[in-house]
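The block underneath contains the structure these notes are about, expressed in structure tokens.
A short reminder: the numbers here are calculations on the coordinates, not readings from a lab. Since this is a predicted model, take the numbers as computed values, not measurements. Here the Cβ is made from the backbone with ideal geometry for all residues, glycine too, and neighbour counts use every protein chain on show.
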Amino acid sequence: MPRTCSICANKACHEIDTALVSGTVSIRDIASQYRVGRTALSRHVKGGHVAAKIQLAKKAHEAVAGENLLQRIERRYKRLQEMADKHKQWGELEKELKVYHEEAGFMKIEGMATGAFKEKIEHSGNMNITGQIPDEEVERRAGEIYAKRNSK
């Protein structure tokens, strides 16, 4: 059974990894500061222990960034819905239609951000999704607005 890495088991493991990644301190100085062996530090680095932690941190950072992006998209989408409702109340049908068009654009952005279009992109072999996904909701609302406008 392989031995547990003495650096990973060290109470100061996070600080040691931070010092190793910074590149501003030599392995000898890190070993001296944290009272660990230079060969143990080398095995820790060469064994991929630091790289594995960097990958985990990167994934966590990407998840947070993705969540922030989705929150911004949702706020903007909600604002567009509010604008469309106001234009509808005021009888400004052309402006309402423009807002629905913008809303459709945000639906596409949200779909790309969440991976909803992944299957369409992979299937087509083409990163340009314009025209591949119909805007049924926009077309339906545009039809309603057109019908209201022509009934007056």
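Using the Cβ atoms and a cut-off under 15 Å, what net charge is assigned to the surroundings of T24, where Lys and Arg are +1 and Asp and Glu are -1? Before the final figure, lay out the partial values.
Working: positive: R28; negative: E15, D17, D29.
Net charge around T24: -2.
Rank-order 2-14, 41-53 by packing density, defined as the average count of other C-beta atoms within 10 Å over each peptide's residues, highest first.
41-53, 2-14
Could you derive backbone 3J(HN,Hα) for segment 67-80 from the dihedral phi with the Karplus parameters 6.51, -1.76 and 1.60 (θ = phi - 60°), listing whole Hz in sequence and x where the residue is Gly or Pro?
5, 4, 4, 4, 5, 5, 4, 4, 4, 5, 4, 4, 4, 4
Quickly rank 94-101, 83-90 as a protection proxy: mean count of other C-beta atoms within 10 Å, highest first.
My ranking of the peptides, most packed first, is 94-101, 83-90.
Against the globular-protein guess of 2.2 N^0.38 Å, express the Cα radius of gyration of segment 1-47 as a ratio, rounded to two decimals.
Taking N as the residue count of segment 1-47, the ratio is 1.05.
Using packing as a proxy for protection, rank 58-66, 74-82 so that the peptide with the highest average count of other Cβ atoms within 10 Å comes first.
In decreasing order of mean packing, 58-66, 74-82 become 74-82, 58-66.
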